[in-house]
1. What does the charge count around Lys61 come to, taking other residues whose C-beta lies under 14 Å from its C-beta (Lys +1, Arg +1, Asp -1, Glu -1)?
2. Would you tally the net charge around Ser26, using a Cβ to Cβ cut-off of less than 14 Å, leaving Ser26 out, and scoring K and R as +1, D and E as -1?
3. Just give me a number: lysine pairs in the range 22-110, eight or more positions apart or cross-chain, with C-alpha atoms less than 20 Å apart.
4. Quick one: check the C-alpha center-to-center distance for the range 67-115 versus the range 22-36, whole angstrom.
5. Let me know the shape class of the range 22-110, please: from the alpha-carbon gyration tensor, a ≥ b ≥ c as square roots of the eigenvalues, rounded when a/c is under 1.5, otherwise prolate if a/b is greater than b/c, or oblate.
Amino acid sequence: MKILAFIYSLSLFVFSASAKENIQISFSNDYKDVYHLSLIIYTPDGKIQTRVSNLAPNEIKSYSLPANTEIYIADNKQEAFAMKGNDIKSTGVKPYLVLKDSDVQRVISLSSIAQ
């Protein structure tokens, strides 16, 4: 019985130690005009999300996502393609960013994004 309790406790410890918190990443509109930000997000569990928003000047949009999430910054054509249920990866485009633990609290200025 003690061995079973020990194994159970050990497994709980291992699973809790391997669980990681999400990484918060932010996008900051440093332009003087509204910026249309379209993100296509692939989380490691295989879920695909499309996040589209208009950011006012000086507005910051933050997301909390797991490590190894792939983030694509889509132009209007890619956004329309993805919104029809298509997989943007099939076009051969590379992700703008693959989240790593070192990206915690990272803020990306929209003017730094080359489209």
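Readers should treat all values here as calculations from the given coordinates under stated rules, not as data from a laboratory. Because the structure is a prediction, the values reported are computed rather than measured. When we count neighbours, we look across all protein chains shown, and the Cβ atoms used for this are built from the backbone with ideal geometry, even at glycine.
1. 0
2. 0
3. Total qualifying Lys-Lys pairs in the range 22-110 comes to 10.
4. Spelled out, the Cα-based centre of one part sits 13 Å from the other.
5. Oblate, since a/c reaches 1.5 and b/c is not below a/b.
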